[in-house]
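Here the structure is laid out as structure tokens; the discussion comes afterwards.
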Amino acid sequence: MTEGTTSTAAEGSDTLTRLEQEGEIAADYLEGLLDIADLDGDIDMDVEADRAAVSIISDSTRDLQKLVGRDGEVLEALQELTRLAVHRETGDRSRLMLDIAGFRAKKRAQLAELGAKAADEVKSTGQPVKLDPMTPFERKVVHDAVAAAGLHSESEGEEPQRFVIVLPA
């Protein structure tokens, strides 16, 4: 094993350890929140795409819908608060992703389908397609779906009206 390989393996291990620590801190924070709100839920932690991923799941997703809010607005706010809790403990900015009651997973599937349909439309018409404004998470999913379809997309506009344009090849 070369010295460069050892260093890379150690960096990968350090990154995984750091992300697992972020997940643990986030889980503790969210468990406290669930207790305060008197809601039942289990915390699931993982590392996906070089970021900590934490999910709150429950047999009764109806109660957890309060933590998702309309169009995920409460979920977005809770994600930011959870990232701040992690930052307070670690001193590092977190890119942690929070999902509650499978909301983001469902949203990701819908957005991937939207991106694929927009790419198909661009391929058939040869004209760019402008999509409605989206959050950064939503735009990322659409960009990935468009790239998987073999096309290019760009984000334009200013938050909160930033949107995706799917471009012809």
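The values are calculated or read from the model by the stated rules, or taken from the named source; none is laboratory data. Model, not experiment: these values are computed from the prediction. Cβ atoms come from the backbone with ideal geometry, glycine included; neighbour counts cover every protein chain shown. Areas reflect the complete protein model, heavy atoms only, side chains present, ligands, DNA and RNA absent. Shrake-Rupley method; radii C 1.70, N 1.55, O 1.52, S 1.80 Å.
One table, with the values for the structure above:
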{"read-out": "Filtered residue count, segment 133-160, keeping only those that are of a type outside the set (A, V, I, L, M, F, W, C), in a loop (DSSP other than H, G, I, E, B) and under 19 Å from the mean Cα position of the chain (by Cα)", "value": "4"}
{"read-out": "Failed item in (1) under 19 Å from residue 140 (Cα atoms); (2) open to solvent by 60 Å² or more (accessible area, probe 1.4 Å); (3) charged (D, E, K, R), with residue 51 passing the rest", "value": "(2)"}
{"read-out": "Residue satisfying all of: in segment 54-65; within 20 Å of residue 135 (Cβ to Cβ) and at pLDDT below 95; most open to solvent (accessible area, probe 1.4 Å) among these", "value": "65"}
{"read-out": "Single residue of 110, 79 found to be within 16 Å of the chain's Cα centre (by Cα), open to solvent by less than 50 Å² (accessible area, probe 1.4 Å) and among the polar types (S, T, N, Q)", "value": "79"}
{"read-out": "In segment 145-162, the residues that are open to solvent by 80 Å² or more (accessible area, probe 1.4 Å) and either modelled with pLDDT of 95 or more or touching a helix residue (DSSP H, G or I) at 6+ places or on another chain (Cβ under 9 Å) (or both)", "value": "148, 152, 158, 159, 161"}
{"read-out": "Unique match (being without any contact (Cβ under 8 Å) to a residue 60 or more places away in the chain and among the charged types (D, E, K, R)) among 71, 92", "value": "71"}
{"read-out": "Meets criteria (touching a Leu at 6+ places or on another chain (Cβ under 9 Å) and assigned to a helix (DSSP H, G or I)) for residue 67", "value": "yes"}
{"read-out": "Qualifying residue in segment 108-122 (condition: of a type in the set (A, V, I, L, M, F, W, C), at pLDDT below 95 and touching a strand residue (DSSP E or B) at 6+ places or on another chain (Cβ under 9 Å))", "value": "no"}
{"read-out": "Number of positions in segment 81-132 that are assigned to a strand (DSSP E or B) and of a type outside the set (D, E, K, R)", "value": "4"}
{"read-out": "Of residues in segment 31-45 being in a strand (DSSP E or B) and within 20 Å of residue 87 (Cβ to Cβ), the one most open to solvent (accessible area, probe 1.4 Å)", "value": "45"}
